[in-house]
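Here is the structure we will look at.
Values quoted throughout were computed directly from the atomic coordinates according to the rules given, and no laboratory measurement underlies them. Everything numeric in this text was worked out from a predicted model, so none of it was measured. All Cβ positions, glycine included, derive from the backbone under ideal geometry; neighbour counts span all protein chains shown.
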Amino acid sequence: METISIPKNFKVTPEQFYELASVEQLAKMELTKDGELIIMSPTGGEAGRKNRRLIQQIGVWTDQNGTGEAFDSSTVFILPNGARRSPDVSWIKLERWDALTIKEKEGFPPLAPDFVIELVSPSDMKNKRYSDLQLKMEEYLENGVKLGWLISPSTKIVEIYRLSYEVEILNEPKTLSGEDILPGFILDLSEIW
């Protein structure tokens, strides 16, 4: 197997990104609004387990509530600024999802989710990518996301991002409310900490 070394700030076009992403997926990829290709390492077992618990909780609520669709970390969204991003967990109101064509739904949906979660993994902390995740959360808001949670299990800190508000930082919360974006949804963090 050949190793590919991607230089920092390596850029590709949206078409090249689509072709790369269509190849047998060996790595999770994103594309910034400036065309910088970001290759993310696979998660370890503990981060994968915690991410599964997050998607399970929002998935159960989504099925019961019926007002939207939930997506896992393998879904790439084309944000209005042109970036291709894949939040760890995301949710879109049903009327926005239903407004997409079949082709748009089958490809990378051309919209920003209404809600996102990013889970800070041990490799994010080790490689000092926490500030990159904070910038990514800001980018989500700039592109129409209404509510986002940046969850750091190692520090038990949650940063809450809301449209038109300052970031709220919570230390060791037991639960998080979906507020008016996901009415009635309460995330139990006991299995994440």
*Those lysines that a straight Cα-Cα span of less than 23 Å connects to residue 28, excepting residues fewer than 8 apart in one chain*: 8, 11, 50, 103, 105, 126, 128, 136
_Length-normalised contact order for the chain - Cα pairs under 8 Å, 6+ apart - percent_ = 14
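Fully extended, how many nm does the chain gain between residue 163 and residue 67 (0.36 nm per residue separation, minus their Cα-Cα distance)? Mind showing how you got there, number by number?
Details: separation 96, 0.36 × 96 = 34.56 nm, distance 2.03 nm.
Computed gain between residue 163 and residue 67 is 32.5 nm.
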*Mind checking Rg over Rh on the chain, alpha carbons, Kirkwood formula for Rh?*
0.95
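Given 0.36 nm per residue, what is the gain on full extension from residue 11 to residue 46 after removing their alpha carbon distance, in nm?
So the extension gain works out to 9.4 nm.
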*Length-normalised contact order for region 102-187 - Cα pairs under 8 Å, 6+ apart - percent*: 23
*Where the Cα pairs of region 30-115 fall when distances are cut into 10 Å bins, in %*: 17, 44, 33, 7
*Placing +1 at every Lys and Arg Cβ and -1 at every Asp and Glu Cβ, with all other atoms neutral, what dipole size does region 44-188 have around its Cα centre, in debye to the nearest 20?*
460
